[in-house]
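Notes to accompany the following structure.
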Amino acid sequence: MPTGWRPEDVKQSHPKTVIADITQQQKYAPHYKHSLAYWALFHFCATMGLLLLMLYHFGDLSPLHATAIGMALFAAVFGYTSVMDQYKWSIGFEWFRIAISFVVLQWVLATISPILYWAWMGYLVVSSLALGSMLWRERMLIQTES
């Protein structure tokens, strides 16, 4: 069967639009403020560095510690990409993620590896300061426009 083939009954019950000229297709291209782009760049670099640091020290970590760090990394990536997608709930999730990550990683990393501990704590502090700064700028921008 050729690529894109569908049975006749499926074609009728679930029609799909065919793009004849791909040069005219409107692409997903949201307009971001520079502060949001820098926010994403910071988080991308930081989470990549924290992942590489975790992998470097992976032999020293128990499965529980590695799972907790992995979940914190997953939540970080999910959080900053949600902020980039501009979901209304994403800012609240980011604050929640920072608070939970701080508590969990205090428990997990305080006794294992000082380098992992201070790298994560630095990341969480800078994340919370950047998030607060971004919200403050947004609030000031809204006040000056109205």
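Before moving on, here are some points about what is shown:
- Helices (runs of 4 or more DSSP H) completely within the stretch 5-122 that count 1 or more residues being within 22 Å of Trp136 (Cα to Cα), touching a strand residue (DSSP E or B) at 6+ places or on another chain (Cβ under 7 Å) and modelled with pLDDT of 85 or more: none
- Take the conditions (1) of a type in the set (Val, Ile, Thr); (2) surrounded by 12 or more Cβ atoms within 10 Å (Cβ to Cβ); (3) over 18 Å from Ala76 (Cβ atoms); Ile19 misses just one of them, which is (2).
Residue by residue, here is whether (1) under 17 Å from the mean Cα position of the chain (by Cα); (2) closer than 30 Å to Met84 by Cα holds:
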| site | (1), (2) |
| --- | --- |
| Gln12 | no, no |
| Lys16 | no, yes |
| Ala20 | no, no |
| Thr23 | no, yes |
| Tyr28 | no, yes |
| Ser35 | yes, yes |
| Ala40 | yes, yes |
| Phe44 | yes, yes |
| Gly49 | yes, yes |
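- For the stretch 36-48, filtering for residues that are in contact (Cβ under 8 Å) with a residue 24 or more places away in the chain and either under 27 Å from His65 (Cα atoms) or exposed (fewer than 13 other Cβ atoms within 10 Å of the Cβ) (or both) leaves 6.
- Of all residues in the stretch 49-104 being among the polar types (S, T, N, Q) and surrounded by 12 or more Cβ atoms within 10 Å (Cβ to Cβ), the one that is farthest from Val125 (Cα to Cα): Thr67
- Test for Pro30: is it loosely packed, with under 10 Cβ neighbours inside 10 Å and touching a residue at least 24 places away in the same chain (Cβ under 8 Å): yes
- Qualifying residue in the stretch 35-48 (condition: under 20 Å from Val126 (Cβ atoms), of a type outside the set (A, V, I, L, M, F, W, C) and touching an Asp or Glu at 6+ places or on another chain (Cβ under 9 Å)): yes
The values are calculated or read from the model by the stated rules, or taken from the named source; none is laboratory data. Everything numeric in this text was worked out from a predicted model, so none of it was measured. FYI the Cβ positions are ideal-geometry reconstructions off the backbone, even for glycines, and counts take in every protein chain you see.
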